[in-house]
Amino acid sequence: MVPNRDRRRSTQESAPAARVGLAHRLSEVARRVLRYANHGLPRVDFLRRVSKELIALSGCDAVELRVRDPQLQYGSETRRHPKSSFRFTVSGNPHAEKRQRERLPAGENQAQLDRLYQDVLLARLKPGWPCSTSQRGFWTGDTTQALRFGRVTRPAPGGLYRSLAILRFAVDDRTTGLLLLKSLAADRFTREEAESYEAFAQTLGLAIATRRVEWALRERVKELTCLYGIAQVAQRPGLALEEILQGIVELLPPAWQHPKIATARILLDGQAHTTPRFREGRHCQSADILVGGMLRGVVEVFYTRDKAGFVEGPFLKEEQSLIDTVAREIALVVERREAEIHKSKLQDQLRHADRLATIGQLAAGVAHELNEPLANILGFAQLAKKGPGLPATTASDLGKIIKTSLRARGIIQKLLFFSRQMPLQKRLVNLNQVVDEGLHFLESQCDKAGIELVRELEAELPEISADPAQLQQVLVNLVVNAIQASPAGGRLTVATRCGRDSVSLAVTDTGTGMTEDVKAKIFTPFFTTKDVDQGTGLGLAVVHGIVTSHHGSIRVESEPGRGSRFEVQLPVNRAEKAKKNG
């Protein structure tokens, strides 16, 4: 039996007018659908609007859309009752397909329907068949009747819906789709009406392709806007690194597919920068921040809840590329900022070295100018004191002159040490031996001050070419400085270590420590935080001069209330080291 029955004569007489009216209404809907497409709506929102338009136009009880491309198969179904219910599904998702099967109306023959879907998609129907449209679509006014395809008759698909149209459309060369119109009433539409909807379906395919392009374009614009904003923030003068990172993290959510449910966080060196009202979500996309090849942090974007638009997963491949680019941009910002800080420190060190060089030249000149008259004063005072019959008061005054002259000569020697004017008497020495000899004279001072003296000397240190007397002066000055910085006692550790091309001497105390301002000035001659009668401010300046003359370096670490650590590094005698290893 052929299921598509002729309508009553009155209906046939009014069919041309009905077709003209339907064509006009379909034209209006097509224009609105194309407008939705040009807006670049998200996929789910677009399908919801199109289905709502078709439900209102066709009077059907349900409209279903199915789209199939090589990467993704998805669809939607809108029913008139309950009121405008909408369902979106993705094929290939076992959970979604299970729910879809559970929602099929009782008695619907899914195998027969699947066969019909395939027939229409592959254009197997012939235009002259009773159930076929001119463009090889399918229609029937009664799903309870058997279907005739040429000489073949198939069982009725059955199910809740009595009228059914399955219409094919093309999106592009690789993507096709189906438009399904379903009605509970029998003979809800004629072949001519089905063919009118079939013509509209071709416009729908064009709209889907347009929406895809417009949506992709809008996403790319959002991504480029994000990267442009990051460049603007990074180049803004006067901003601290923390302000730059906060500016960047606030640019991230608007660049993602679902900004209303997106939050972002940048973690750098253990410090977090987040968007307002930040909270983590179950879906996270991240990228590592690598600065100079080292992992320093991570950029993260979260979705705080699920959304129907998660068709291809919560995040797009393009968004992973974007967050990777953001992480690289942050790394470049950090590298540039750290390079600027390093450059500033080098400039400060250069200015400091220039000042020390100038002071050294001045100190050497003053020392040489004072040395000769001071030697005369000291010599004549010593001669005068040896004269017979000196009054006691005169002898006492000469003793004070001699003592003061010796103190002045010591200061001059320190100035010459600082300015590297004292001649070096280098020989191969073992740093451990220098430390042992120097500490022998300092242990009593440590005991008197209530300081525990700890030795941590590495065995088998390589010998270095140095002046042992000057190295001992370095040790004495550092230890005495540590004792004076520990008025309440504590612990003083003297350690030696062997590096690749150097040996080091470290003096660590648990004393009062220094602020950054004080630490920046400690090697300046005559700078001191001690009382006038407790030091000249030349001890550490002398250490700096001796270490520099030995082509070494000195590093200082200090924190107020926690003590200080001075580490001197001296180069190993490479020729002697090669001789021993050879």
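The values are calculated or read from the model by the stated rules, or taken from the named source; none is laboratory data. Here the structure is a predicted model, which is why all the values come from computation and not from measurement. Methodologically, a virtual Cβ is constructed for each residue, glycine included, from the backbone with ideal geometry; neighbour enumeration extends over all protein chains shown. Quick note on the areas: whole protein, heavy atoms, side chains included, nothing else; ligands and nucleic acids left out. Shrake-Rupley method; radii C 1.70, N 1.55, O 1.52, S 1.80 Å.
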- Message: I'm told ARG211 meets every condition in (1) out of contact with any strand residue (DSSP E or B) (no Cβ under 6 Å at 6 or more places or on another chain); (2) of a type in the set (Lys, Arg); (3) open to solvent by 20 Å² or more (accessible area, probe 1.4 Å) except one. Can you identify the failing condition by its number?
- Response: (3)
- Item | All positions within segment 58-87 that are within 16 Å of ALA165 (Cα to Cα) and in a loop (DSSP other than H, G, I, E, B) | GLY59, CYS60, ASP61
- Within segment 550-582, the residues that are at pLDDT below 85 and either outside any helix (DSSP H, G or I) or open to solvent by less than 20 Å² (accessible area, probe 1.4 Å) (or both) are ASN573, GLY582
- (1) surrounded by 20 or more Cβ atoms within 10 Å (Cβ to Cβ); (2) of a type in the set (Val, Ile, Thr); (3) free of Cβ contacts under 8 Å to residues at least 40 places away in the same chain all hold for VAL33 apart from (3)
- Answer residue from segment 186-200, given it is aliphatic (A, V, I, L, M) and not in a loop (DSSP other than H, G, I, E, B) and is surrounded by the fewest Cβ atoms within 10 Å (Cβ to Cβ) among those: ALA199
- Query: Taking THR225, is it among the hydroxyl-bearing types (Ser, Thr, Tyr), at pLDDT 90 or above and buried (at least 16 other Cβ atoms within 10 Å of the Cβ)?
  - Reply: no
- Item | Boolean, GLU452 is open to solvent by 40 Å² or more (accessible area, probe 1.4 Å) and modelled with pLDDT of 90 or more | yes
- Query: How many residues, within segment 245-260, are under 20 Å from GLN320 (Cβ atoms) and open to solvent by less than 10 Å² (accessible area, probe 1.4 Å)?
  - Reply: 5
- Item | Positions within segment 35-61 being more than 17 Å from GLY177 (Cα to Cα), aliphatic (A, V, I, L, M) and at pLDDT 90 or above, in sequence order | ILE55, ALA56, LEU57
- Give segment 65-87 a look and list any residue that's surrounded by 14 or more Cβ atoms within 10 Å (Cβ to Cβ) and at pLDDT below 85, or say none. ASP69, LEU72
- Query: Out of segment 137-158, which residues are of a type outside the set (D, E, K, R), touching a residue at least 24 places away in the same chain (Cβ under 8 Å) and in contact with a strand residue (DSSP E or B) (Cβ under 9 Å, 6 or more places away or on another chain)?
  - Reply: GLY137, PHE138, TRP139, THR140, GLY141, THR143, ALA146, LEU147, PHE149, PRO155, ALA156, PRO157
- Test each condition in (1) open to solvent by 40 Å² or more (accessible area, probe 1.4 Å); (2) modelled with pLDDT of 65 or more for ARG355 and report the one that comes out false. (2)
- Message: What pairs come out if I take residues in segment 279-294 that are closer than 12 Å to ARG305 by Cβ and pair them with residues that are open to solvent by 70 Å² or more (accessible area, probe 1.4 Å) whose C-beta lies under 6 Å away, six or more apart or interchain?
- Response: none
- Task: Can you confirm whether segment 334-344 contains a residue that is open to solvent by 20 Å² or more (accessible area, probe 1.4 Å), farther than 30 Å from GLY75 by Cα and in a loop (DSSP other than H, G, I, E, B)?
- Result: no
- Taking segment 247-298 and keeping only residues that are charged (D, E, K, R) and assigned to a loop (DSSP other than H, G, I, E, B), one is left with ASP269, ARG277, ARG279, GLU280, ARG282
- Query: LEU538: at pLDDT below 90, in contact with a helix residue (DSSP H, G or I) (Cβ under 6 Å, 6 or more places away or on another chain) and among the aliphatic types (A, V, I, L, M), yes or no?
  - Reply: yes
- Message: Return the residues of segment 165-201 that are within 20 Å of ASP142 (Cβ to Cβ), touching a strand residue (DSSP E or B) at 6+ places or on another chain (Cβ under 7 Å) and of a type in the set (D, E, K, R); say none if nothing qualifies.
- Response: LYS182, ASP187, ARG188, ARG191, GLU198
- Can you work out which of the residues in segment 265-285 that are more than 16 Å from GLU250 (Cβ to Cβ) and of a type in the set (Gly, Ala, Ser) is surrounded by the most Cβ atoms within 10 Å (Cβ to Cβ)? GLY281
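Okay, residues lined up against (1) modelled with pLDDT under 90; (2) under 25 Å from PRO42 (Cβ atoms); (3) buried (at least 17 other Cβ atoms within 10 Å of the Cβ):
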position	(1), (2), (3)
PRO157	yes, no, yes
LEU178	no, yes, yes
LEU184	no, no, no
LEU206	no, yes, yes
GLU219	yes, yes, yes
GLN235	yes, no, no
GLY238	yes, no, no
- Item | Per-region count, segment 43-64, residues within 18 Å of SER196 (Cα to Cα), without any contact (Cβ under 8 Å) to a residue 60 or more places away in the chain and open to solvent by less than 10 Å² (accessible area, probe 1.4 Å) | 1
- Could you check how many residues of segment 117-141 are part of a loop (DSSP other than H, G, I, E, B) and either surrounded by fewer than 20 Cβ atoms within 10 Å (Cβ to Cβ) or hydroxyl-bearing (Ser, Thr, Tyr) (or both)? 12
- Message: So the check is Cβ under 8 Å with 6+ separation or different chains; which pairs have a first residue in segment 493-517 that's without any contact (Cβ under 8 Å) to a residue 40 or more places away in the chain and open to solvent by 50 Å² or more (accessible area, probe 1.4 Å) and a second one that's among the hydroxyl-bearing types (Ser, Thr, Tyr) and in a strand (DSSP E or B)?
- Response: ARG497/SER504
